[in-house]
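> Could you have a look at this structure, given as structure tokens, before my questions?
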Amino acid sequence: MSAVPCATAEPTFAELRAGFRDGKAALLEQFRASRASAAAAARLLRALTRQVDRNLVALWARSGMPGDAALIAVGGYGRGELFPYSDIDVLVLLPPGRGAELADDGGDRKEAIERFISACWDSGLEISSSVRTVDECVAEAQRDVTVQTSLLESRFLCGSRRVFSTFRVANTAAMDAKAFFVAKMLEMRQRHQKFEDTPYSLEPNCKESPGGLRDLQLVIWVARAAGLGRNWAELAASGLITAFEAHQLAHNEGLIKLIRARLHLVAGRREDRLVFDLQTAVAESFGYQSTNEARASELLMRRYYWAAKAVRQLNQIVMQNIEERVRGSANAPMRPLNERFLDRGGMLEVASDDLYVREPTAILESFLLYQETPGIKGFSARTLRALYNARKVMDAAWRRDPANRALFRRILQAPEGHTHAFRLMNQTSVLGRYLWVFRRIVGRMQHDLFHVYTVDQHILMVLRNVRRFLIPEHTHEYPFCSQLAAQFDRPWVLYIAALFHDVAKGRGGDHSELGAIAVRRFCREHAIGGEDAALIEFLVRKHLLMSRVAQKEDLSDPEVINAFVREVGGERELTALYLLTVADVRGTSPKVWNAWKGKLLEDLYRLALRALGGEHINLDAEIETRKHEARSLLNLLSVPRGAEARLWATLELSYFSRHDAGDIAWHARVLHSLVDGTAPVVRARSSPLGEGLQVLVYTPDRPDLFARICGYFDNTAFDIVDAKVHTSRSAYALDTFQVISPHPELDYRDLVPIVEAQLAQALEATGPLPEPRRGRVSRRVKSFPVTPRVMLRPDERAQRWLLGISASDRSGLLYSIARVLAKYHVNLQLAKITTLGERVEDTFLVDGPALQSNRAQIEIETELLEAIAA
């Protein structure tokens with residue numbers, strides 16, 4: 001009797017899930033163990049795609065799908081580039097007219113589709129699926145360019161080839177290459193604006209940021225839609241790009257794909273942002289190791305930035321070439337500008353491809369023409385390509401050529417166009433090749449908690465900010481800066497200082513001193529001498545001075561102002577330093593600048609200007625002037641004459657020297673009838689600066705008062721940006737706080753009654769101070785921790801003490817500091833709260849008996865270090 005063969009049972013969904021998981025894990029482990037190369041990444045993407053293909057085809061077969069339907073891979077999966085944790089986008093394609101069957105009663109067809117989709121998820125394939133007929137695909141593509149793009153990369157997996165062919169023919173026939181190009185260009189501009197139009201963000205998205213993979217995919221999409229090619233080799237064959245450009249595109253694409261694949265692997269999830277807490281692990285997976293000169297993450301990021309920069313340059317060249325083909329404008333007439341350059345529809349065009357190789361001085365002339373010629377809004381593809389191919393002529397001899405030095409000086413001294421010209425010079429790598437010292441900071445990260453740009457991008461932001469002070473359309477942003485800049489002769493001095501102020505970062509040593517040496521050499525080489533060269537060198541060397549004094553020292557102290565004036569020297573130096581400082585602080589991060597910092601800098605400028613004018617700062621006379629102005633304001637507010645006398649009689653001179661007339665009048669209006677009250681008085685108003693709240697607290701003094709106030713603001717998530725603390729002769733505290741709400745969408749007038757009621761209630765509490773909350777630190781703080789530092793030293797008169805705190809920012813930090821001070825009965829007179837991104841640099845003016853004891857000082861400093869530790 002012959003044996004009957006056993007039937008092979010279909011694998012269960014659990015077995016399919018396990019098989020898919022184990023297969024994927026094996027591929028990822030193999031990639032993890034391989035050398036970090038573009039070829040290894042390409043093999044991984046193909047292998048992951050094939051694995052998913054096999055599983056989907058098997059599930060389609062066992063689900064009993066109808067014979068006239070097809071399974072189509074779309075999007076990135078359709079390209080055959082499946083990253084470790086990318087979406088699996090599939091389309092269940094039905095023949096024309098069959099969609100109505102699903103809408104009516106569904107029947108077997110609908111059940112089969114639902115069975116297939118459920119089977120995919122049950123077996124571990126987390127698909128993103130859509131079900132459409134051929135007609136619906138075409139109609140939806142006409143309405144939504146994102147759908148049109150996804151369908152452009154469709155790939156047949158299984159099912160009916162006939163329906164797929166019908167779909168491809170219909171989709172191709174419906175494609176309007178010109179409209180598609182316009183839509184994708186607009187989409188790219190919006191995407192670039194979302195990422196601030198720069199590839200140099202410190203946490204770039206390697207897929208979506210300018211210079212990322214999306215910029216490369218965009219080129220292929222629009223070329224494919226226009227029938228110009230489906231890959232770099234085909235684009236080269238069609239004459240859109242050269243063989244060298246095809247090689248560069250493929251090389252940089254391979255590197256960014258490798259980075260993205262390694263990023264997914266390290267994160268264990270779909271993560272396309274090179275965030276701080278993953279950068280080091282990704283770098284180490286490439287084999288980078290940290291050294292004394294550079295961190296492993298910095299080595300990786302510089303490599304990424306250079307690749308992204310090249311991608312952006314090449315994207316501009318190819319997209320312009322495709323636009324000419326799509327619009328049919330390749331042979332459009334051009335207007336000659338001179339014998340070397342033409343105007344090609346608003347784009348600067350070289351007269352010959354080898355112009356820059358034959359005449360290297362024409363390189364900088366391009367940017368001068370870009371500045372000076374009305375209507376020129378950029379460089380043509382031909383010009384960009386010529387620049388890209390002329391990099392070898394931009395050598396030491398080119399940099400030393402007197403003609404080039406004269407041209408660069410003319411670019412600096414031109415009346416307008418600096419922001420765009422220098423940005424384009426950096427994008428095309430010309431700036432770093434002319435200023436070799438600048439090349440060293442291109443793509444250099446800044447390992448701190450407040451800069452959000454690379455050094456070169458920050459420098460160009462500062463240059464932009466200086467230029468905006470001189471442009472009438474931006475006068476409303478910073479009227480005082482615009483007023484000063486309009487009167488400043490030779491503003492190009494400020495542009496040079498902006499270009500060089502941080503150019504020596506990352507070289508070890510004091511970057512201000514090293515930068516001053518570099519800019520002195522630049523001035524000598526470019527025939528800039530005399531007072532202009534001296535001013536530029538001063539600005540670079542002292543560019544941090546004004547910010548430090550304004551944010552860390554007591555501006556009511558005449559000695560502080562006099563010491564600052566001695567360092568500045570003159571009115572022109574003061575004005576230039578003020579303008580550069582405002583531009584610099586604004587250029588670090590959108591979060592660093594606020595109205596209070598602006599007021600501190602403006603106050604220091606005005607005080608220093610008076611001192612430079614020979615006016616001796618007589619504190620008694622200054623106080624009498626403020627009192628007189630305050631009385632005038634009180635009269636306008638119908639406050640009885642002399643009502644302020646009782647309050648003012650209890651206050652020390654330090655109170656009047658640290659408040660302006662408006663604050664003094666407000667305090668007197670609120671408190672003149674409450675001088676002897678025992679209940680806490682809390683009043684708030686919208687800050688006169690236009691940003692935040694100004695909060696007044698008047699109550700019998702006690703050692704833990706400042707700590708309780710800080711505790712309230714911490715619990716309600718208000719940021720304290722300034723505190724002025726005074727104790728009257730009658731032992732009352734009169735404290736004023738500038739605070740910013742965590743809810744910018746709320747009107748500050750709505751917050752006034754809430755703060756007044758809640759803070760007054762908090763101040764009536766008794767008993768021990770509650771333990772501070774240990775707020776969570778951010779990802780950035782974890783990646784770039786600040787070593788906590790406490791500095792305690794007597795002031796110049798040895799009457800009070802200056803307490804300096806440097807630490808990573810977190811919620812509860814200021815309360816933790818105040819709690820230690822309260823424990824040792826240290827009196828606070830002035831607090832300068834400086835938050836630089838996610839780093840704090842706070843300065844307190846304090847006194848108290850405990851500070852006279854060396855032992856107590858050590859105990860205070862030790863406890864403060866423990867309190868501010870992250």
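The values are calculated or read from the model by the stated rules, or taken from the named source; none is laboratory data. Everything quoted here is computed from the prediction, not taken from an experiment. Cβ sites come from the backbone with ideal geometry, for glycine too, and all protein chains shown count toward neighbours. Accessible surface areas use protein heavy atoms only, side chains included; no ligands, DNA or RNA. Shrake-Rupley method; radii C 1.70, N 1.55, O 1.52, S 1.80 Å.
> Got a number for the accessible area of THR834? Probe 1.4 Å, square angstrom, nearest 10.
10 Å²
> What accessible area per residue comes out for the stretch 520-601, rounded to a whole number of Å², with a 1.4 Å probe?
Value returned for the stretch 520-601: 37 Å² of accessible area per residue.
> Here's something else I'd like to know. May I ask you to rank MET185, MET394, MET791 by accessible area, largest first, using a 1.4 Å probe over the protein chains only?
MET791, MET185, MET394
> Which aspartates and glutamates, if any, have their Cα less than 16 Å from the Cα of LYS257, not counting same-chain residues under 8 positions apart?
Partners found: GLU81, ASP87, GLU208, ASP215, GLU271, ASP272.
> Under 16 Å Cα-Cα from LYS552, which aspartates and glutamates qualify once same-chain neighbours fewer than 8 residues away are excluded?
GLU602, ASP603, ASP722, ASP795, GLU796, GLU841, ASP842
> Moving on. Restrict the search to the stretch 353-434; then list the trypsin sites (Lys or Arg not before Pro) that DSSP places in a loop and that have at most 14 other Cβ atoms within 10 Å of their Cβ.
Here the trypsin sites (Lys or Arg not before Pro) that fit, given the DSSP loop and packing criteria, are LYS377.
> Among the DSSP beta bridges whose two residues both lie in the chain, what percent are antiparallel, rounded to the nearest 5?
85 percent
> Measure up LYS377/LYS542; LYS194/LYS505; LYS207/LYS377 against 32 Å on the Cα-Cα distance and list the ones that go over.
LYS377/LYS542
> Per residue, how big is the convex hull around the C-alpha atoms of the stretch 636-748? Give it to me in cubic angstrom, could you?
About 113 Å³ per residue, rounded to a whole number.
> With a cut-off of 8 Å between alpha carbons and a minimum separation of six or more residues, what is the relative contact order of the stretch 254-396 in percent?
This gives 16 percent for the stretch 254-396.
> Per-residue ellipticity at 222 nm for the chain, helices alone: DSSP H runs ≥ 4 residues times -39500 (n - 2.57), over residue total, nearest 500 deg cm²/dmol?
That comes out to -17000 deg cm²/dmol.
> Now a separate question. Relative to the longest principal axis of the chain, what angle (0 to 90°, nearest 10) does the C-alpha long axis of helix 107-122 take?
60 degrees
> I need the GluC sites (Glu not before Pro) found in the stretch 448-526, filtered to DSSP loop residues with at most 15 other beta carbons within 10 Å of theirs.
For GluC sites (Glu not before Pro) across the stretch 448-526 that sit outside H, G, I, E and B with at most 15 neighbouring Cβ atoms in 10 Å, the list reads GLU477.
> Roughly how many percent of the accessible protein surface of the chain is carbon and sulfur, given a 1.4 Å probe and a whole-percent answer?
51 percent
> Averaged per residue, what accessible surface does the stretch 812-870 expose to a 1.4 Å probe, in Å²?
39 Å²
> With a cap of 10 neighbouring Cβ atoms within 10 Å, and only residues DSSP puts in a loop, list the GluC sites (Glu not before Pro) found in the stretch 287-324.
GLU293
> Now, a different point. Just need the relative contact order of the chain here, percent rounded to a whole number, with Cα pairs under 8 Å and 6+ apart.
7 percent
> Roughly how tilted is helix 402-413, in degrees to the nearest 10 and between 0 and 90, from the longest Cα axis of the chain?
Helix 402-413 sits roughly 70 degrees off the main axis of the chain.
> OK, next. With only Lys, Arg, Asp and Glu charged, each at its Cβ (+1 for the first two, -1 for the last two), find how big the charge dipole of the chain is about the Cα centre; round to the nearest 20 debye.
Charge dipole, the chain, about its Cα centre: 2400 debye, nearest 20.
> To the nearest 10 degrees, how steep is helix 161-174 against the longest Cα principal axis of the chain, on a 0 to 90 scale?
60 degrees
> Also: Please work out the average accessible area per residue across the stretch 670-769, using the 1.4 Å probe convention, and give it in Å².
With all protein chains present, the stretch 670-769 gives 43 Å² per residue.
> Taking 8 Å as the Cα distance limit and 6 or more residues as the minimum spacing, I'd like the relative contact order of the stretch 416-517 as a percentage.
23 percent
> Something else now. With Cβ to Cβ distances under 11 Å as the rule, what net charge do the other residues near MET394 carry (K, R +1; D, E -1)?
+3
> Given a Förster distance of 56 Å, report the FRET efficiency between LEU609 and GLN30 from their Cβ-Cβ distance, rounded to the nearest 0.05.
About 0.25, to the nearest 0.05.
> Moving on to the next point. Would you mind putting 21-34, 576-589 in packing order, based on average other-beta-carbon counts within 10 Å, highest first?
576-589, 21-34
> Considering only the other residues whose Cβ falls under 12 Å of the Cβ of ASP704, what net charge follows from Lys and Arg at +1 and Asp and Glu at -1?
Counting the neighbours of ASP704, the net charge comes to +3.
> Using only alpha carbon positions, build the gyration tensor of the chain, then give the equivalent ellipsoid semi-axes as the square roots of 5 times its eigenvalues, largest first, whole angstrom.
59, 39, 25
> Over the stretch 303-430, what is the percentage of antiparallel beta bridges among all DSSP beta bridges, to the nearest 5?
75 percent
> In addition: Quote to one decimal, in nm, the extra length available between HIS825 and ARG855 on full extension: 0.36 nm per residue of separation minus the C-alpha distance between them.
Going from the current span to full extension adds 9.3 nm.
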